[in-house]
Amino acid sequence: MSGIFKLLHLIKPVYDLTDKLVMLICKLLLVADIVITSMSVAGRYIEWIPDPAWSEQMVLTFMVYMAVLSATLAIRRKAHIRMTSFDKYLPEGLIRFMDLISDIAVLSLGGVMLYYGILVCNSPLARFGRYESIPTLSRFWMFLPIPIAGGSMIIFEIEQIFERLEEIFTGGNK
């Protein structure tokens, strides 16, 4: 059994690369949000700085991207919200098992997000709908973060599930 876990540890660089890529995207989106918001606010008070009509929709779209992508990063870092109030009263083995069930539930949510996100991205609303303030930009980009986040959740939850299984089968000793 330990041979399987050693093999799975060889895949860790793929998880690390995905984590770094998602973090880079979040950082770039944050910088773009700050620049666009600053330009929009300054454009309201300073005549020679433009206040583009599309700024609010783009800032909100970037915020959606950051929210769903940062949630996937929280999964990887085990920083997502958890109920741990009864953990000190329960046996350690039961807690590991419940954590595994929780990870499987989040993996299922990632699957739902990926599947239905792809359906929505391929729907006529996404393909033919347009932003009000940017008629040349498809609403596809508004819906795209859902399947991206679903895929990222699946990737990171698979890692978490294998780590939980390793803890269960090795008794917490890696």
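The values are calculated or read from the model by the stated rules, or taken from the named source; none is laboratory data. Since the model is a prediction, treat every value here as computed from it, not as a measurement. Please note: Cβ atoms are built from the backbone with ideal geometry, for glycine as well, and neighbour counts cover all protein chains shown. Side chains are part of the model used for accessible areas, which takes the heavy atoms of the whole protein and leaves out ligands, DNA and RNA. Shrake-Rupley method; radii C 1.70, N 1.55, O 1.52, S 1.80 Å.
Below are the figures for this structure:
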{"read-out": "Subset of region 137-152 that is farther than 23 Å from residue 16 by Cα and not basic (Lys, Arg) - its residue that is least open to solvent (accessible area, probe 1.4 Å)", "value": "138"}
{"read-out": "Residue within region 114-121 that is open to solvent by less than 50 Å² (accessible area, probe 1.4 Å), among the small types (Gly, Ala, Ser) and out of contact with any Ser or Thr (no Cβ under 7 Å at 6 or more places or on another chain) present", "value": "yes"}
{"read-out": "Only listed residue being in a helix (DSSP H, G or I), open to solvent by 20 Å² or more (accessible area, probe 1.4 Å) and of a type in the set (A, V, I, L, M), chosen from 134, 161", "value": "161"}
{"read-out": "Set 88, 78, 6, 12: member being at pLDDT below 90, on the phi > 0 side of the Ramachandran plot and open to solvent by 50 Å² or more (accessible area, probe 1.4 Å)", "value": "78"}
{"read-out": "Candidate set from region 26-53 (those that are open to solvent by 70 Å² or more (accessible area, probe 1.4 Å) and within 28 Å of residue 146 (Cβ to Cβ)); member that is modelled with the lowest pLDDT", "value": "53"}
{"read-out": "Members of region 15-51 found to be of a type in the set (A, V, I, L, M, F, W, C) and in contact (Cβ under 8 Å) with a residue 60 or more places away in the chain, listed by number", "value": "22"}
